[in-house]
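Student: One structure, as structure tokens, below. Some questions next.
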Amino acid sequence: MRNIWTISKREIEHYLASPVAYLAAFALMLIIGLIFFTNIQVAFLYTSAPSPEFIIAPIAFLLIFLVPAITMGSIADEYKTGTLETIMTAPIRDWELIIGKWLGGVFFFSALLLFTWVFPLILNQFIDPGIDQGILVSGYLGVFLLMAAFVSIGIFTSSLLNNSIASYFLTFAILLLLWMISAPSQAAMTAGNEILKYLDFSEHFYPTFLSGVIDLKDVVFYLSATGVMLFLGTASLEARRWK
Amino acid sequence: MIEVAGLSKDYGTRRALDGLNFNIHKGEIVGFLGPNGAGKTTTMRILAGYLPPTSGIATIDGKDLIKDSLAIRRITGYLPETVPLYNDMSIRGYLSYMGKLRHLKKVDDLVDEALTRVDLSDRADGYIGNLSKGMRQRVGFAQAILHDPEVLLLDEPTIGLDPSQIHEIRNLIKEYGKQKTILFSTHILSEVQQLCDRVLIINKGRILVEDSPEQLQMRLSGGRNVVIRVNGNIAPLMNAFKKVKGVTGVTPVGDNAAQVIVQPDFEARPEIARIVLKEGLDLIELRGADLSLEQIFIQLTAEDKSSASTTSTRLE
Ligand SMILES: Nc1ncnc2c1ncn2[C@@H]1O[C@H](COP(=O)(O)OP(=O)(O)OP(=O)(O)O)[C@@H](O)[C@H]1O
Ligand SMILES: [Mg+2]
């Protein structure tokens, strides 16, 4: 437990020492900010009340681009610089390293998500009688769970590959695939639809969390996806030793 | 303290270690010597718990390398060959991070102590990325001794250092080795002579020789090396030298000097002197010299190469 904490703390310090973290934060705030103000203008034009979904949905989508940028080096860069050798000969377990790295990423993105709260807060001032609090809470819970799962996938690919750029693209591809895996089959109404729909990350997000519904099944889905990925990450780290 | 039996390691199809056997006792400083690619780093990595062996057994302090990996890693300090460090951390930050991962009590005090030992206290808050190679090496050393380990594994600790820093690191090793067990690899033979109680010479993943530096030199020099220098042409004397009792080989060195190898327990010098004088030449130099460890090392690995190639040709 203590090791996990030590590693995650170090991981955050490492993010904050590199420009990538600030660029990711900047990109997120900029794009969400643009979307926000566009929506406000549109709402004024049509005198309709905007709801918080239009902030939360793009955040979820943007994570597909941002998470791999943060996680890509977590193990791959330590391998490249050789520090993995020092860490892996310190008395810590491989799973402690993986979970510590994952937790560092989760903390980092949790802070980013907190920053994006300013937009719903502003929105709340604009409209009377305020925004739909239920959607806000469930939407952010969904984004958080989604992010935790995304980060675990990023850590996994980083432990699998020796190159952080390769880890970025692999994570990005996996996240994008998982985000829209059921789309083609839904369009074509082919068989296997149900399985693909279950695996589709967005199917556990749009219909429920983003509509103000917290379904335990979706919570379990994201948590188990995270668990599986952390397990695979540990296994691939262990496999490195045997290479 | 360190016991290694039949240790082998394959990287894919390449065999890096081929049934390594050796023991290192508590309190010994042992030098690990061998040409490039001999398997020194691989052995260190296995002992440090980074790589598992393909086969064979190794124990440190009676604990099994694989089953008690964590327990072993707790009492072991390791300086990898490449001295990997985090460039974005300060020296103090890095050491206390490693100390926290080892659950050390009073981390700050131990960090200060280690920094004093490697003489980096004044740079403690500087970034690792700005350090020179020698300073990085010392940070790596500080990391390895931070938790006062029973066993210290140092992979080429003096490589790339200037002479005064080499001297400092050697002093550190010597001092630390007074109480603890140290295995360090090197290419510098004089280092082994200065520091080690024992030498392990490894080639192609096997131990070639295991001895104290002095014994090694005596055992392998095949006696002594006598250097003769005269003020004239030495060539006509060569045949006479060969007939002296105990002489096994004569090599001319230039026109007026020669090297004579003499078996142990023979004293050939008086007879050689008489031959020179009888021939009417003046004797300018006549001295006995040990074969250097360098000579022995080259000789040994060359012998190993030729024997290996003969076996392989026989196999084909
Ligand atoms: N990760 C690896 N993958 C494949 N082969 C490797 C790996 N590491 C080492 N080897 C091979 O194993 C053999 C032993 O290498 P090792 O690094 O242990 O030698 P060394 O004695 O430390 O050499 P040097 O004096 O150059 O440091 C070499 O043939 C090397 O090519
Ligand atoms: Mg080496």
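Student: Looking at segment A:18-50 only, could you name the residues that are part of a loop (DSSP other than H, G, I, E, B), without any contact (Cβ under 8 Å) to a residue 40 or more places away in the chain and open to solvent by 60 Å² or more (accessible area, probe 1.4 Å)?
Tutor: Listed by number, the residues that qualify are A:Thr47, A:Ser48.
Student: Let me ask another. Return a yes/no flag: does segment A:203-219 have any residue that is of a type in the set (Lys, Arg) and touching an Asp or Glu at 6+ places or on another chain (Cβ under 6 Å).
Tutor: Within segment A:203-219, not a single residue is of a type in the set (Lys, Arg) and touching an Asp or Glu at 6+ places or on another chain (Cβ under 6 Å).
Student: If you scan segment B:165-201, which residues turn out to be away from ligand 1 (no atom under 16 Å from the Cβ) and part of a strand (DSSP E or B)?
Tutor: B:Thr181, B:Ile182, B:Arg198
Yes/no matrix, rows are residues, columns are (1) out of contact with any helix residue (DSSP H, G or I) (no Cβ under 9 Å at 6 or more places or on another chain); (2) under 20 Å from B:Thr116 (Cβ atoms):
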position	(1), (2)
B:Gln137	no, yes
B:Glu156	no, no
B:His167	yes, yes
B:Ser190	no, no
B:Glu214	no, no
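Student: Also, quick follow-up: Just checking, does segment A:6-24 include any residue being over 24 Å from A:Ala166 (Cα atoms) and within 14 Å of another protein chain (Cβ to nearest Cβ)? Please lay out each step first, then the result.
Tutor: Start the filter on segment A:6-24 by keeping residues that are over 24 Å from A:Ala166 (Cα atoms), which leaves A:6, A:9.
Still in the list and also within 14 Å of another protein chain (Cβ to nearest Cβ): A:6, A:9.
Within segment A:6-24 (the criterion being over 24 Å from A:Ala166 (Cα atoms) and within 14 Å of another protein chain (Cβ to nearest Cβ)), the answer is yes, since at least one residue qualifies.
Student: For B:His103, all conditions in the list (1) more than 10 Å from every other protein chain (Cβ to nearest Cβ); (2) under 22 Å from A:Arg2 (Cα atoms); (3) open to solvent by 20 Å² or more (accessible area, probe 1.4 Å) hold save one; what is the number of the exception?
Tutor: So B:His103 meets the others, but not (1).
Student: Tally time: how many residues in segment B:13-57 are among the basic types (Lys, Arg) and more than 14 Å from every other protein chain (Cβ to nearest Cβ)?
Tutor: Total satisfying the criteria: 3.
Student: Here's a follow-up. Can you tell me which residues in segment B:16-27 are in a strand (DSSP E or B) and more than 16 Å from ligand 2 (Cβ to nearest atom)?
Tutor: Selection gives B:Asp18, B:Gly19, B:Asn21, B:Phe22, B:Asn23, B:Ile24.
Student: Looking only at segment B:13-44, count how many residues are within 16 Å of ligand 1 (Cβ to nearest atom) and more than 17 Å from the chain's Cα centre (by Cα).
Tutor: Adding up the residues that qualify gives 7.
Student: What residue, of B:Asp64, B:Asp10, is over 22 Å from the mean Cα position of the chain (by Cα), among the acidic types (Asp, Glu) and within 14 Å of chain A (Cβ to nearest Cβ)?
Tutor: B:Asp10
Student: Right, something else. For segment B:67-100, give me each residue that is within 28 Å of B:Val4 (Cα to Cα), free of Cβ contacts under 8 Å to residues at least 60 places away in the same chain and at the interface with chain A (Cβ under 7 Å from one of its Cβ atoms).
Tutor: B:Leu70, B:Arg73, B:Thr82, B:Pro84, B:Met98
Student: Continuing with the same structure: Tell me, which helices (runs of 4 or more DSSP H) lie completely within segment A:51-143 with 1 or more residues that are touching a strand residue (DSSP E or B) at 6+ places or on another chain (Cβ under 9 Å) and either away from every other protein chain (no Cβ under 14 Å) or surrounded by 21 or more Cβ atoms within 10 Å (Cβ to Cβ) (or both)?
Tutor: By residue number, A:83-88.
Student: Moving to a separate point now. For residues that are near ligand 2 (Cβ under 9 Å from one of its atoms) and of a type in the set (A, V, I, L, M), tally how many sit in segment B:28-50.
Tutor: Of the residues in segment B:28-50, 2 are near ligand 2 (Cβ under 9 Å from one of its atoms) and of a type in the set (A, V, I, L, M).
Student: Can I ask one more? If B:Gly62 satisfies all but one of (1) away from ligand 1 (no atom under 16 Å from the Cβ); (2) open to solvent by less than 40 Å² (accessible area, probe 1.4 Å), what's the number of the condition it fails?
Tutor: With (1) away from ligand 1 (no atom under 16 Å from the Cβ); (2) open to solvent by less than 40 Å² (accessible area, probe 1.4 Å) applied to B:Gly62, the lone miss is (2).
The values are calculated or read from the model by the stated rules, or taken from the named source; none is laboratory data. Everything numeric in this text was worked out from a predicted model, so none of it was measured. A quick note on method: Cβ atoms are made from the backbone with ideal geometry, for glycine too, and the neighbour counts reach across all protein chains shown. Note: areas computed on protein heavy atoms with side chains; ligands, DNA, RNA excluded. Shrake-Rupley method; radii C 1.70, N 1.55, O 1.52, S 1.80 Å.
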